[in-house]
Amino acid sequence: MSQIIEDLKWRYATKKYDSSKKISESDLDILKNVLTLVPTSNGLQPFKFLIVENPELREKLREKSYNQSQITDSSHLLVMCAFKNIDSDFVENYLTLNSNHRNVPMENLAGFRNHLHRTVVAKSEDEILDANSKQVYIALGHLLHAAAQMRIDASPMEGFDADGYDEILALSEKNLHATVVCALGYRSEEDAYQFQKKVRKSQEDLFEVI
């Protein structure tokens with residue numbers, strides 16, 4: 001059987017973590033590289049990932065997460081945020097990065113600049129945040145698979161008060177909004193969910209050839 005399938009069968013949304021086990025710095029660096037390399041629309045990377053290590057902050061976030069133990073007991077807590085707005089400065093910073101990395105003169109990127117202003121900057125803040133949040137979920141998918149390959153457990157979580165997170169982490173001041181949370185670490189032997197069979201629809205129900 002394909003290793004990819006084995007990885008996906010192994011993973012599950014871990015409910016209880018062994019708080020004594022920590023992800024190594026080298027493994028964390030791999031996951032950070034994965035998130036750096038995920039595909040995004042126009043290559044804009046319209047997100048930021050906060051690794052919350054401060055125990056006091058994690059306790060406060062747990063209060064805004066229906067008291068779910070993964071928030072405090074996992075090795076690492078990742079708050080995946082979308083930029084609320086993309087303006088001209090954001091675009092210029094990205095074009096400068098593009099120019100430097102590819103050794104392309106800025107004047108050669110004029111067409112791309114116009115495209116970004118027309119298709120991104122001109123949108124409303126609600127439209128931009130919605131689009132950017134979808135990019136965060138693409139990143140989450142890559143993270144979950146990479147973690148499974150490394151036999152690192154992960155819990156993607158939407159059950160939290162996003163506005164509460166924004167306030168505790170002062171995200172609005174950074175033009176950010178908490179989109180999804182992912183706890184990372186190693187499952188506790190006491191977590192009964194790891195022994196349950198996955199419940200999935202059949203391929204006949206999921207796929208249709210037209």
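Since every read-out is calculated from the coordinates, none of them should be taken as a lab result. Quantities reported herein were computed from a predicted structural model and do not represent experimental measurements. Backbone-built Cβ (ideal geometry, glycine too); neighbour counts: all protein chains shown.
Translational diffusion of segment 104-210 was estimated from the Stokes-Einstein equation, with Rh taken as the Kirkwood radius over Cα pairs; at 20 °C and 1.002 mPa s the coefficient is 118 µm²/s.
Find, to one decimal place in angstroms, the Kirkwood hydrodynamic radius of segment 1-66, where the mean of 1/r is taken over every pair of different Cα atoms and then inverted.
Working: mean 1/r = 0.0648 Å⁻¹.
Its Kirkwood hydrodynamic radius stands at 15.4 Å.
A simple spin-label model places the labels of ASP130 and GLU204 3.7 nm from each other, with each point 7 Å out along Cα-to-Cβ. Computed about its Cα centre, the charge dipole of segment 54-113 is approximately 140 debye, with only Lys, Arg, Asp and Glu carrying charge at their Cβ. For TYR17, the residues whose modelled amide H falls within less than 5 Å of its own, excluding neighbours fewer than 5 places apart on the same chain, are SER188. Note that the chain, at 25 °C in a medium of 0.890 mPa s, gets a Stokes-Einstein diffusion coefficient of 129 µm²/s from its Kirkwood radius over C-alpha pairs.
Considered as an equivalent ellipsoid built on the Cα gyration tensor, segment 109-148 has semi-axes of 28, 14, 4 Å, the largest given first. In order along segment 39-45, phi translates into HN-Hα couplings of x, 9, 4, 6, x, 6, 6 Hz, rounded to whole numbers, per the Karplus curve 6.51 cos²θ - 1.76 cosθ + 1.60 with θ = phi - 60° and x for Gly and Pro.
So for segment 37-113, considering every pair of alpha-carbon atoms, how many percent are separated by more than 22 Å?
Numbers: 1353 of 2926 pairs.
For segment 37-113, the fraction of Cα-Cα distances above 22 Å is 46 percent.
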